[in-house]
Amino acid sequence: MKILIVDDEDMQRDILKGFLRKKGYEVVTAANGQEALRRFMELPFQLVLLDHRMPDLTGDEVLANMKAINPLVRAIMITAYGTVDTAVEVMKLGADDFLEKPVDLVQLLDKIQMTEQHIIVEEEAADAADTLDQSELPIKIVGQGAAMKEVLSLVRRVAPTPWSVLLRGESGTGKELIARLIHLLSPVSDGPFIEVNCGAIPENLFESELFGHEKGAFTGATSNRRGRFELARNGSLFLDEIGELPLSLQPKLLRALQEKQISRVGSEKEISADVRVITATNRDLRTLVEQGLFREDLYYRLNVFDIELPPLRRRKEDIPDLIEFFLEKYSSRPVVFGADAMTTLVKYSFPGNVRELEHMIQRTVTLGRGRVIQARDLPPEVRYQQVTEEGNLVERLEAVEREMLMSSLEKNEWVQTKAAESLGISERVLRYKMKKYNIKKNLIRR
Ligand SMILES: Nc1ncnc2c1ncn2[C@@H]1O[C@H](COP(=O)(O)OP(=O)(O)OP(=O)(O)O)[C@@H](O)[C@H]1O
Ligand SMILES: [Mg+2]
C-alpha cells in the first residue's frame, strides 16, 4: 500500500516514515499542503496521514482537494490533543479516522491495517459492480474472459484520476483502443484525444511535432504551428510506441511533463500544457532502461500506473465473442462460423493478436461465398500452422506429420503421386500414412 504522510514537523514525518517503511509500506512524505497535492497527482496513494494543523492549507482543506482527484482515498487525520474528540467531527472533516498527538505507533499500525482490510473489501465489491457495468462502456470492447475483465476494471479505476498510464502489450492487443477508452471515461472526455506515434516521426522533426514551432524557426517553418502537446490541452495526449522515442528527446518530454509548460521551437514563450498522458509500448521498457536506451526518470514519470494487455493466445475464451463482433462489423450478409472453423481458430496462436483476427474475419467474409464458414475457408497460416503446443514428443511429431501430409495433398490437388514426390516419400508410404491418420479427400481439417 502506498501511503502519503503530510506534516509540517520534520521530526514527526521522519518518525512515521521510518516506522511505516519498516512495516513494509511504500511511504512518501510532504511538508505542506501544496507539496502534498503535487505528490498526490503523481502517484496513486491509497492512504494519507494528515496533520490537521499546518501553516498553509489545513489538513481538511488538503483532503478535500485530494478527494476531488480520487474520491476513494482514505485518510487518517492527526490532531492535537483535545481538538476533536468525536468520530463524527472527524468525519465532517472528510477523514476516515483520527489519531491524537503524540501518535501511538501501535494504534497507528492497527488503524492502517484496518484501512487495508476495508480497501480489499471495497475493491472486491467494485469488481463485482464492474462486471454488471460492462454494457455501459462508451466504446464496444469485447472481453468477457477474466483477463480482459481485470483490464477493464483497472481502466475504470484509473480513468478518473490525473495519473499517467502506461499500456503494455504485444502488437494488436488493443492498446490504442484502451487508451481511447481511458480518455472517454476520464474527466477530460469532452476535450481532444491527440495521438503521437513516436515510432513514425523522424528525429529531427520530433520536437516541432510535439511542441510546435514559430515561423522561421528552421528551414521549412513557413508559418507558426501548434504542436501535439498544445492541441491536447484540456484533453489527453496518447504517446504511442513510446519505446521508440529517441534518447535525445527524452529530457524535453520529461521537462514538459514535470513543469506542464512547453515552448514552441524558436520561441522563448512558455505555454501551459496540462494534459492527461497515456502511453503505450510493445517493448519492454524496463530492459530499455537497463540498456541505457530509455531514461529511468522518464520511465517512472510515465509508469505511474501500468496496465498490461494480455496476448490473445492467453485469453482464448474471448475468441468466439470477437469473431461474432467482427462478423457483425464486416459482413453484409448473414454468416456463421462452422464448428470446425471455430475450433481451428481457437487453436491458432495469433501472433498478431486481435488485429490479426480482425483482418482474418474481414478477408474471410469478403472472399467466402457460403453462409457457413468452414475451416477450409480460413487462410493457410491458420490451417497449416497448427503445430500443437501440447502433447509428448510422439504426439507432436504425429501432428506435424499429419499437417504436412494434408498440406501437400491439398497443394497437389490430391494427386497422390505428386504429393508423395514433394514429400520425398513413396506413394505406398503415403497411402499407409493417410490410412493411419484417417486422411481422406474432403475431410475437414481440424
Ligand atoms: N477487446 C477488443 N474488442 C474489440 N476490438 C478490439 C479489441 N481489442 C482490439 N480490438 C481491435 O483490434 C485492432 C487492433 O487494436 P489496437 O490498434 O488498439 O492494437 P495495438 O495494441 O495498439 O496494436 P499496435 O501495437 O500494433 O499498435 C483494432 O481494430 C481494435 O479496434
Ligand atoms: Mg497501436
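Inside segment 326-347, residues that are open to solvent by less than 60 Å² (accessible area, probe 1.4 Å), within 16 Å of ligand 1 (Cβ to nearest atom) and among the aromatic types (Phe, Trp, Tyr) make up a count of 1.
Applying the condition of being in contact with a strand residue (DSSP E or B) (Cβ under 8 Å, 6 or more places away or on another chain) and outside any helix (DSSP H, G or I) to segment 351-380 and asking which residue is surrounded by the most Cβ atoms within 10 Å (Cβ to Cβ) yields ILE373. For segment 155-187, filtered to residues that are more than 8 Å from ligand 1 (Cβ to nearest atom), among the hydrophobic types (A, V, I, L, M, F, W, C) and open to solvent by 40 Å² or more (accessible area, probe 1.4 Å), the residue that is farthest from ALA68 (Cα to Cα) is LEU184.
Of the residues ALA87, ALA75, ALA68, ALA95, the single one that is at pLDDT 85 or above and over 14 Å from ASP7 (Cα atoms) is ALA95.
As a summary of the residue check, PHE19 satisfies the conditions (1) free of Cβ contacts under 8 Å to residues at least 60 places away in the same chain; (2) surrounded by 13 or more Cβ atoms within 10 Å (Cβ to Cβ); (3) in a helix (DSSP H, G or I) except for the one numbered (1). Pairing residues of segment 99-122 that are more than 13 Å from THR79 (Cβ to Cβ) with residues that are open to solvent by 80 Å² or more (accessible area, probe 1.4 Å) and part of a loop (DSSP other than H, G, I, E, B), at Cβ distances under 7 Å and at least 6 apart in sequence or on separate chains, gives LEU109/LYS23. Inspect all residues belonging to segment 286-293 and state whether any of them is closer than 21 Å to GLU176 by Cβ, out of contact with any strand residue (DSSP E or B) (no Cβ under 7 Å at 6 or more places or on another chain) and surrounded by fewer than 22 Cβ atoms within 10 Å (Cβ to Cβ). The answer is yes, given that some residue of segment 286-293 is closer than 21 Å to GLU176 by Cβ, out of contact with any strand residue (DSSP E or B) (no Cβ under 7 Å at 6 or more places or on another chain) and surrounded by fewer than 22 Cβ atoms within 10 Å (Cβ to Cβ). Please go through segment 396-413 and pick out each residue that is exposed (fewer than 14 other Cβ atoms within 10 Å of the Cβ) and either in contact with a Pro (Cβ under 7 Å, 6 or more places away or on another chain) or outside any helix (DSSP H, G or I) (or both). Listed by number, the list holds a single entry, GLU413. Of PHE229, PHE238, PHE211, PHE218, all but one fail to be surrounded by fewer than 19 Cβ atoms within 10 Å (Cβ to Cβ) and of a type in the set (Phe, Trp, Tyr); the exception is PHE218. Only one entry in ALA341, ALA420 is more than 25 Å from GLY143 (Cα to Cα), small (Gly, Ala, Ser) and at pLDDT 85 or above, namely ALA420.
Going residue by residue through segment 162-182, is there one that turns out to be among the acidic types (Asp, Glu), away from ligand 2 (no atom under 16 Å from the Cβ) and either without any contact (Cβ under 8 Å) to a residue 24 or more places away in the chain or farther than 14 Å from GLN250 by Cα (or both)? No, there is no match, as no residue in segment 162-182 is among the acidic types (Asp, Glu), away from ligand 2 (no atom under 16 Å from the Cβ) and either without any contact (Cβ under 8 Å) to a residue 24 or more places away in the chain or farther than 14 Å from GLN250 by Cα (or both). None of GLU244, GLU290 is free of Cβ contacts under 8 Å to residues at least 24 places away in the same chain and either under 15 Å from the mean Cα position of the chain (by Cα) or assigned by TED's automatic domain parsing to the domain that holds VAL165 (or both) except GLU290. Apart from one condition, ALA280 fits all of (1) away from ligand 2 (no atom under 16 Å from the Cβ); (2) crowded, with 17+ Cβ neighbours inside 10 Å; the exception is (1).
When we screen GLU214, GLU241 for residues that are within 16 Å of ligand 2 (Cβ to nearest atom) and out of contact with any His (no Cβ under 9 Å at 6 or more places or on another chain), the only hit is GLU241.
The values are calculated or read from the model by the stated rules, or taken from the named source; none is laboratory data. In this text the structure is predicted, and so the values were computed from the model without any measurement. Positions of Cβ are backbone-derived with ideal geometry, glycine not excepted, and every protein chain shown enters the neighbour counts. With ligands, DNA and RNA removed, areas are computed over all heavy atoms of the protein, side chains included. Shrake-Rupley method; radii C 1.70, N 1.55, O 1.52, S 1.80 Å.
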